[in-house]
1. Looking only at segment 239-250, decide whether some residue is assigned to a loop (DSSP other than H, G, I, E, B), within 17 Å of Lys178 (Cα to Cα), among the hydrophobic types (A, V, I, L, M, F, W, C) and away from the ligand (no atom under 16 Å from the Cβ).
2. Quick check: anything in segment 95-105 away from the ligand (no atom under 16 Å from the Cβ), on the phi < 0 side of the Ramachandran plot and touching a Cys at 6+ places or on another chain (Cβ under 7 Å)?
3. Being buried (at least 19 other Cβ atoms within 10 Å of the Cβ) and of a type in the set (D, E, K, R) is the filter here; which residues of segment 325-334 pass it?
4. Considering only segment 74-94, I want to know if a residue exists there that is in contact with a Lys or Arg (Cβ under 6 Å, 6 or more places away or on another chain) and under 19 Å from Ala278 (Cβ atoms).
5. What about Glu77, is it open to solvent by 20 Å² or more (accessible area, probe 1.4 Å), at pLDDT below 95 and either out of contact with any Cys (no Cβ under 8 Å at 6 or more places or on another chain) or within 16 Å of the ligand (Cβ to nearest atom) (or both)?
6. Looking only at segment 40-63, decide whether some residue is in contact with a strand residue (DSSP E or B) (Cβ under 7 Å, 6 or more places away or on another chain), under 30 Å from Gly125 (Cα atoms) and assigned to a helix (DSSP H, G or I).
7. Between residues in segment 288-306 that are more than 16 Å from Leu31 (Cα to Cα) and residues that are among the acidic types (Asp, Glu) and assigned to a helix (DSSP H, G or I), which pairs lie under 9 Å by C-beta distance while being six or more apart or on different chains?
8. Could you count how many residues in segment 23-55 are farther than 30 Å from Arg367 by Cβ and of a type in the set (Ser, Thr, Tyr)?
Amino acid sequence: MNKLANRLDHFSDSIIRRMTRIANQYDAVNLSQGFPDFDPPQPLLDALKQVADHGPHQYEITWGSAKFRQLLAQKQEKLMAMAINPNENILVTCGSTEAMMCAVMTVCNPKDKVIIFSPFYENYGADAILSDAEPIYVPLIPPTFEFDKQQLRAAFEQGAKAIIVCNPSNPCGKVFTKEELDYISQLAIEFDTYVITDEVYEHIVYAPYKHLYLANFPGMKERTITCSSLSKTYSITGWRLGYIIADKDIIDGCKKIHDFLTVGAAAPLQQAACAGLALKQDYYDNLTKLYTHKRQLFLSGLDKIGLSYYEPQGAYYVLVDISTLNPFKTDLEFCEWLIKEVGVAAVPGSAFFKDSDPDTTKYRYIRFHFAKKEETLLDALERLSHIKEKLLCQSH
Ligand SMILES: Cc1ncc(COP(=O)(O)O)c(C=O)c1O
C-alpha cells in the first residue's frame with residue numbers, strides 16, 4: 001500500500017488519553033486524564049432532559065447558537081473587563097481542543113514559529129505539527145515554574161508568529177503573575193506576535209493566586225486569541241464545548257477553519273449548557289472552594305505517604321517527582337507498573353516535554369489529577385500508601 005501521510009510520523013496518539021484506556025483495562029483509580037467522576041451541576045442535567053423532548057436536534061448555526069454566544073458574552077465581559085460582541089467576537093468550538101487547533105491554524109503559515117512554554121499541555125505539540133508550524137520551547141523552571149526573561153526574549157527574536165500561554169497551566173499548575181504577563185505582552189507588541197491563550201482552568205485558582213486575562217492587558221486585545229472551554233468549569237468534559245474570543249478579523253479567520261473542520265459543536269449540548277452559562281457568581285466561588293478542598297486533601301495525603309511534589313497554584317493537577325523512586329528506565333514504565341501493581345493511574349511526565357529533553361528532565365515526573373470525589377481520592381491515597389513497600393519488592 002502507498003504510505004500514509006508523513007505528518008503521522010511526527011506525533012503519537014495522546015499519552016494522557018492512552019493512560020485512561022490502560023487504567024480501565026486494570027480497573028485502576030484513574031488519576032491520569034483530567035476529568036471528574038462527579039455529576040455536572042443540576043441545572044445542566046435538568047436542561048439536558050428538556051432538550052431530549054424539545055430539541056434542538058439539528059445543525060446549529062456554525063458559529064454557535066445565538067443564545068449560547070449571548071450568555072457567554074455576558075459572562076466573559078464581566079470577567080475579562082472588555083466588550084465582547086456575541087456575533088463578532090465569539091466562535092463556539094468542540095472543546096478548547098478544537099479552539100486551540102483552530103487558533104494555531106488561523107495564525108500560522110508552514111514553517112512559522114510558535115513559542116510554547118515547557119512543560120506543556122500535550123496537545124500543543126500536535127497543534128503545531130498539524131499546522132506545519134515549528135515549536136520553540138521555553139522552559140518553565142521548577143519549583144515556581146518561572147521563565148527566564150532572556151530566554152523568552154531570545155525566542156521572540158527568532159521571529160515567532162505566535163506564543164501559546166496556558167494559564168493556569170497544565171501540568172505544572174502555574175498561574176502567571178501580572179509582572180510575567182506584562183513582560184509577555186511587551187514582547188508580543190514589540191515583535192508583533194499573536195498570543196494564543198488556553199484558559200480552561202480560569203475558575204480553578206487557589207488563594208492567594210489570581211487569574212488575569214492576557215487579552216485585557218494594554219495593547220493586547222487585538223493580538224490575543226482567548227481559548228477556553230466549559231469542560232472543566234461545569235464538569236462536562238464529554239460534552240465537548242469550547243470557544244474562542246478574539247477581535248473580529250481573527251474570529252472571521254477562525255470561523256473558516258471551524259466551518260470545514262467540524263461544522264459546529266453539538267446543538268443539544270449547547271442548548272443545555274446555556275443553563276451553566278446563566279449560573280451566578282456563587283457557583284464559581286463554590287467551584288473554587290470545592291477544588292481548594294480536594295487539593296488540600298490530596299496534597300496532605302501525598303505528604304503523609306512521603307511523595308514530593310510541586311504545589312499547584314491553579315488547575316487540578318500535581319506533578320510528583322519520582323526521580324529517587326523510579327527503578328525503571330522511563331516514567332512510562334513506572335506508570336504502567338503503578339497501574340498494575342498499585343492500582344492508580346497517572347500520566348508519565350514525558351508527555352509534557354519534548355522528546356529531545358534530557359532523560360533527567362522528561363522522566364522525572366508523573367502527573368496526578370484530583371478532580372475526583374473525596375472517596376475516590378481517599379481510595380487512591382490508600383493504594384498509594386503502599387507504593388514504597390511495593391517498589392522495594394520490585395527491586396528485589
Ligand atoms: C490546558 C488544557 N487545555 C485544553 C484541554 C482540553 O479541553 P477540552 O475538553 O475543552 O477540549 C485540557 C484538558 O485536560 C487542558 O488541560
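The values are calculated or read from the model by the stated rules, or taken from the named source; none is laboratory data. All of these numbers come straight from a predicted model, not from anything done at the bench. We place every Cβ from the backbone using ideal geometry, glycine too, and count neighbours over all the protein chains shown. Accessible surface is based on the protein model in full, side chains and every heavy atom, while ligands, DNA and RNA are left aside. Shrake-Rupley method; radii C 1.70, N 1.55, O 1.52, S 1.80 Å.
1. no
2. no
3. Asp331
4. Yes: one or more hits.
5. Numbers: open to solvent by 20 Å² or more (accessible area, probe 1.4 Å): yes; at pLDDT below 95: no; either out of contact with any Cys (no Cβ under 8 Å at 6 or more places or on another chain) or within 16 Å of the ligand (Cβ to nearest atom) (or both): yes.
Against the criterion (open to solvent by 20 Å² or more (accessible area, probe 1.4 Å), at pLDDT below 95 and either out of contact with any Cys (no Cβ under 8 Å at 6 or more places or on another chain) or within 16 Å of the ligand (Cβ to nearest atom) (or both)), Glu77 does not qualify.
6. no
7. Pairs found: His293/Glu374.
8. Adding up the residues that qualify gives 0.
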